[in-house]
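Down below is the structure, laid out as structure tokens.
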Amino acid sequence: MLPLRLCALWIPLFSVLDPALSSYSEDQCSWRGSGLSQQPGSVEQISLHCAEGALVWLYPKGALRLSLSPRLPSGAVGPGGSGRSSGQITACIKPAESFRGAQIYLERDGLLELLVGERPGPPGRPPRVRCFSRQPGERVALFLQATPHQDISRRIASFRYELRGDWNALLAPDSSTTTTSITSSSSEAACRPCNDTEILMAVCTSDFVVRGNIRSVRTDGDLWASVIGVSASRVYRQKYALFSGPGRLAQSGEIRTLLRCGVKPGSGSFLFTGRVHFGEAWLGCAPRYKDFRRVYEEAREARQIPCELAGN
């Protein structure tokens, strides 16, 4: 869809919702509010300041304009935990499966581009993650426009968002827009093995660090991803409960990576590292455990190890 020029038709006036019906999380990462008190044609101005969070708009009426001004954590680094970053930030939004009653536009330099329609995906399939990039100093916003309905009682427009520097390794451009989606990557770096420095940094900065074996590989056609089933013999760190089981030595979980990387089941023990996006683990560096041990011990003897891996 071609971008639309932002004009008075979209923003006839600005107003603020009744504070009793709109609220932020304590750290201003998330917002929840209702359109029932919003004046016809008004636009609620919202600003969130975290690297991830959520928005829930009950009974959409009028419009919302959401500015994302994140204070990104130090872990917002390049692919493989290498620490390389161009300063570009990629934002991704994932609509809820029950998303109804509004459309989401990207507002950039006075232009509106449709990101998410009122029905974000076919029935029975998870909504597609939509992404866009922001250059340093560039001002962009999300514009949510309620769609007119006689009955708004069952309509809730909600989504989760993430702003991370390391999204770029997972993304491919959408040829019809300036946005991207999680499908495949044109970057060869997304599938190449990590070098020694990247392995050591991944151990320090990743959302999860797990030693384990590959027990299965299946294809997720919606995300163009391979889903790796992992039997974990040691969970060193995990941001969420990604790997769980009845005992310390009987834990399992799933890790996703790009389908084009061609991951196949294989024997041997690996050290899996990576990032969590919308509650799902995505693979970063995954050396064989014996190779990791060699790199780790050499760096420790040379006193060049960036961090200790507890219990290793």
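Quick notes on this one:
- Odd one out for CYS261 among (1) touching a helix residue (DSSP H, G or I) at 6+ places or on another chain (Cβ under 8 Å); (2) modelled with pLDDT under 90; (3) buried (at least 20 other Cβ atoms within 10 Å of the Cβ): (3)
- Just one of the listed residues (ARG248, ARG237, ARG294, ARG211) is open to solvent by 50 Å² or more (accessible area, probe 1.4 Å), modelled with pLDDT of 90 or more and not in a strand (DSSP E or B), and it is ARG294.
- Any hit, segment 263-279, residues being in a strand (DSSP E or B) and aliphatic (A, V, I, L, M): yes
- Qualifying residue in segment 199-206 (condition: among the polar types (S, T, N, Q), surrounded by 17 or more Cβ atoms within 10 Å (Cβ to Cβ), modelled with pLDDT under 90 and within 18 Å of the chain's Cα centre (by Cα)): no
- Leading residue by the ranking (surrounded by the most Cβ atoms within 10 Å (Cβ to Cβ)) among those in segment 146-168 that are at pLDDT below 85 and in a loop (DSSP other than H, G, I, E, B): ILE152
- Total residues in segment 92-116 satisfying the condition of being touching a Ser or Thr at 6+ places or on another chain (Cβ under 9 Å), open to solvent by 10 Å² or more (accessible area, probe 1.4 Å), of a type outside the set (A, V, I, L, M) and in a loop (DSSP other than H, G, I, E, B): the figure is 2.
- Hits in segment 53-82 (condition: within 24 Å of ARG275 (Cα to Cα) and modelled with pLDDT of 90 or more): GLY53, ALA54, LEU55
- Just one of the numbered conditions (1) modelled with pLDDT under 90; (2) within 15 Å of ALA202 (Cα to Cα); (3) open to solvent by less than 70 Å² (accessible area, probe 1.4 Å) is not true of PHE272: (1).
- Meets criteria (of a type in the set (A, V, I, L, M) and either within 22 Å of the chain's Cα centre (by Cα) or over 22 Å from ASP291 (Cβ atoms) (or both)) for VAL235: no
- Test: residue in segment 234-245 that is of a type in the set (A, V, I, L, M) and within 27 Å of ILE93 (Cα to Cα): yes
The values are calculated or read from the model by the stated rules, or taken from the named source; none is laboratory data. Worth saying up front: this structure is predicted, and the values here are computed from it rather than measured. FYI the Cβ positions are ideal-geometry reconstructions off the backbone, even for glycines, and counts take in every protein chain you see. SASA here: full protein model, heavy atoms, side chains in, ligands and nucleic acids out. Shrake-Rupley method; radii C 1.70, N 1.55, O 1.52, S 1.80 Å.
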